[in-house]
1. Can you work out ³J(HN,Hα) from phi for every residue in the stretch 94-106, in order, using Karplus 6.51 cos²θ - 1.76 cosθ + 1.60 and θ = phi - 60°, giving whole Hz and x for Gly and Pro?
2. Using every pair of alpha-carbon atoms in the chain, split the distances into 20 Å bins beginning at 0 and state the percent of pairs per bin, rounded to integers.
3. Taking the C-alpha atoms of the stretch 271-318, how large are the radius of gyration and the largest Cα-Cα span, Dmax, in Å?
4. Which of these, 272, 102, 301, has the largest mean-square fluctuation under a Gaussian network model of the chain (Cα springs below 10 Å)?
5. Which angle between 0 and 90 degrees, to the nearest 10, do you get for helix 210-225 versus the longest principal axis of the chain when only C-alpha atoms count?
6. For a quick check: with amide H placed at 1.01 Å from N, whose amide H comes under 5 Å from residue 26's, ignoring anything fewer than 5 positions away on the same chain?
7. Counting only helical runs of four or more DSSP H residues, what would the 222 nm mean residue ellipticity of the chain come to if each run contributes -39,500 (n - 2.57) and the total is spread over all its residues?
8. Have a look at 194, 213, 167 and tell me which one the Gaussian network model of the chain (Cα, springs below 10 Å) gives the largest fluctuation.
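Laboratory data are not the source of any read-out in this text; all were calculated from the coordinates shown. Please read these numbers as outputs of a predicted model, since none were measured by experiment. Neighbour counts are summed over all protein chains in view; Cβ atoms, including those assigned to glycine, are modelled from backbone coordinates with ideal geometry.
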Amino acid sequence: LYILGIESSCDETAASVVKNGTEIISNVVASQIESHKRFGGVVPEIASRHHVEQVTIVLEEALKQANLEPKDLDGVCVTEGPGLVGALLIGINAAKAFAFANNLPLVGVHHIAGHIYANQLMQPMEFPLLALVVSGGHTELVLMKEHGSFELIGETRDDAAGEAYDKVARVLSIPYPGGPHIDRMAHESDGAIKFPRVWLEKDSYDFSFSGLKSAVINYQHNAVQRGEEINPHHIAKGFQDSVVEVLTAKTLRAAREFNVKQVIAAGGVSANKGLRTSLEATFKEEGIPFHVPPLKLCTDNGAMIAAAGSEMYKAGVCSDLSLNGRPGMELLSWNNK
Ligand code: ATP
Ligand code: MG
Ligand code: FE
């Protein structure tokens, strides 16, 4: 089963061919980070223009690197949502045109299902499975009892983890996207500012990061006002410690409560060294298998969309040419259970 996956929901134009939903044959990602950097974040109009320029090139390159022709494929998958509507539509229209021209089935995939299924490119999923999804726009704990079944057991009530990283970075005048820089600074740091941990209600699996973000901003403003030197490394380390501690503790509690066989991390922030180390150590001690994809599969890519889309295809879930971009799309189970 050869599936082409296309992703264009934000600032990466990506295409990939995946075999049987588990094996990457090619994986091409064109990042736009350089174009958005000077604005300190993703500018939707600029993103759309880049996707228009890149999508055909990336798609052809993915086929070329896979050494396959369109007729060798079994289906085309594309991110349906959530994301920037203008950005989504470019990937979707490319996928529709390609599917129509080559008479291939079309599958619309949820971006976060993609992030989760990036893990299937590394090892088989074992159910029940708990996924910690931490990305630029999402922070969620998702319970999966089988393929295509998603139960949201907790989510952020305000900022996503990646969003908090990027905003804190901005306050520290660190270039966009700030996550990787703060991660590096935290590791180089020889000390840490103590920032609060936000646990919410005792039994809640929800998250909140806007209070932590404000604490960092206030700390910085107060120091500047008093004319004190700040140590950005200590701020980075203190911020990261708070994020990692809360994410790890809630994931562990959920893994115990739902008695899961496997825990996985997914999304851009799962590239975070501090978080990976913490989760690995915690679940090693707990005796629950834990997995996180290699860095390249944590951030947006086409392979993850092809992996999730392959499972949908196997389950007989397909779209038609009326497929439209859904910027606020919810993560719903596709097995209807
Ligand atoms: P979503 O997947 O929610 O739609 P997105 O696709 O924009 O959002 P991703 O591409 O999955 O998000 O992840 C990008 C985010 O990951 C950015 O916020 C970035 O700062 C963050 N990130 C990347 N690497 C790291 C890291 N090492 N540490 C912390 N954050 C990181
Ligand atoms: Mg991105
Ligand atoms: Fe993403």
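1. For the stretch 94-106, the Karplus-derived couplings read 5, 5, 4, 4, 5, 5, 5, 5, 10, 6, 10, x, 10 Hz, x marking Gly and Pro.
2. P(r) over the chain, rounded to whole percents: 33, 56, 12, 0.
3. Just the Cα atoms of the stretch 271-318 yield Rg and Dmax of 14.6, 41 Å.
4. Comparing 272, 102, 301 in the GNM, the peak value goes to 102.
5. Once rounded, one gets 50 degrees.
6. Under 5 Å from the amide H of residue 26 lie the amide H atoms of 17, each far enough along the sequence or on another chain.
7. On the way: 11 runs with 146 residues, N = 337.
Helices in the chain give a 222 nm mean residue ellipticity of -14000 deg cm²/dmol.
8. The residue with the greatest mean-square fluctuation here is 194.
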